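Below is one structure, written out as structure tokens; the observations come after it.
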Amino acid sequence: MNRMSPPQPVAMAFERKTRVIPLADITPLRLVSDDLKKTQKFGQIRSSIQQSGLVEPPVVAPERGSAGKYLLLDGHLRLAVLAEMGTTEVNCLIATDDEAYTYNKRISRLAIVQEHQMILNAIERGVSEEVIAKVLNVNVQHIRLKRRLLSGICPEAIEMLKDKHVPINTFTELRKMKPLRQIEAAQLMVAMNKYSVSYAKSLLGATPQSQLIDTAKPKKIDGLSDEQIALMEQESANLDREFRLLEETYGDDHLDLVLATGYVKRLIENARLVRFLAQHYPELLMEFQKITDSPQAHS
């Protein structure tokens, strides 16, 4: 019996200590254009650094063949702001690998529900809405809107959307629905990976009057008659039923598919069987090969 090899230690991706590095010794992997410096995002970073200092250190990696020089992997906008402010050196996190893909594609940015929670936490600690707005370089009304973001939204829907990038006005549409319908709408958004305001409006339009908060107020959707709205409600109810049926059987269906795919794969590994199918049932062999080329065959 083969013994399992002992687990190998995970290599650290960063040095344990940060390092103060002159800006002149850091080479950005991309330039920050003048147009980018005019964006709201750049303005927010500038305002945050001016008000609170640099919170998140840039990530650099030693440049191969150039002692004392570094490549900037993450933090291009922060470094551009510091250069504008006349800063000559910055405290950096030192990566042991110079790949930048992780920072460009695999770093999760804050979802709107997480922003809401951070704003509430700051207010609870005594930070005023005006100070938060100044740090983020936004209008104070925007902060107040985010503070009230989840008012009227049920906990189950919040849980499903907490790590999704959902527009503020999507929550406005959800707020018009009763809790059970909010949950159904959130489930559909996650399943379809669609969180836009227009999609939320379509879900609201397909919501029966009895599932709205204001049941006495008739729904009015631009460009749709009462008959068309009723048809949308009916189609939405059918879609909900089909979605729940699929959800109930998905696990079993997926297992059956994996087992069947594995069986077909073993069949066409038999040379005699492949020759027989090629001679007498070539179209069947082609379909079997398509099945074994599917992602499930390699899972």
*In this structure, is Leu285 of a type in the set (A, V, I, L, M, F, W, C) and modelled with pLDDT of 85 or more?*
yes
*Pairs only if they're at least six apart or on different chains, beta carbon under 6 angstrom, first in segment 192-209 and over 15 Å from Leu239 (Cα atoms), second hydrophobic (A, V, I, L, M, F, W, C) and at pLDDT 85 or above; list them, first residue then second.*
Tyr195/Val166; Tyr195/Met189
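The rows are residues; the columns are (1) more than 19 Å from Ile119 (Cα to Cα); (2) outside any loop (DSSP other than H, G, I, E, B); (3) at pLDDT below 85.
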position	(1), (2), (3)
Gln141	no, yes, no
Leu145	no, yes, no
Glu156	yes, yes, no
Phe171	no, yes, no
Ala185	yes, yes, no
Val190	yes, yes, no
Ser210	yes, yes, no
Ala216	yes, no, yes
Lys219	yes, no, yes
*Kindly establish whether Lys201 is modelled with pLDDT of 75 or more, part of a helix (DSSP H, G or I) and in the same structural domain as Thr170 (by TED's automatic domain parsing).*
yes
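The values are calculated or read from the model by the stated rules, or taken from the named source; none is laboratory data. All values reported here derive from a predicted model rather than from experimental measurement. Neighbour counts are summed over all protein chains in view; Cβ atoms, including those assigned to glycine, are modelled from backbone coordinates with ideal geometry.
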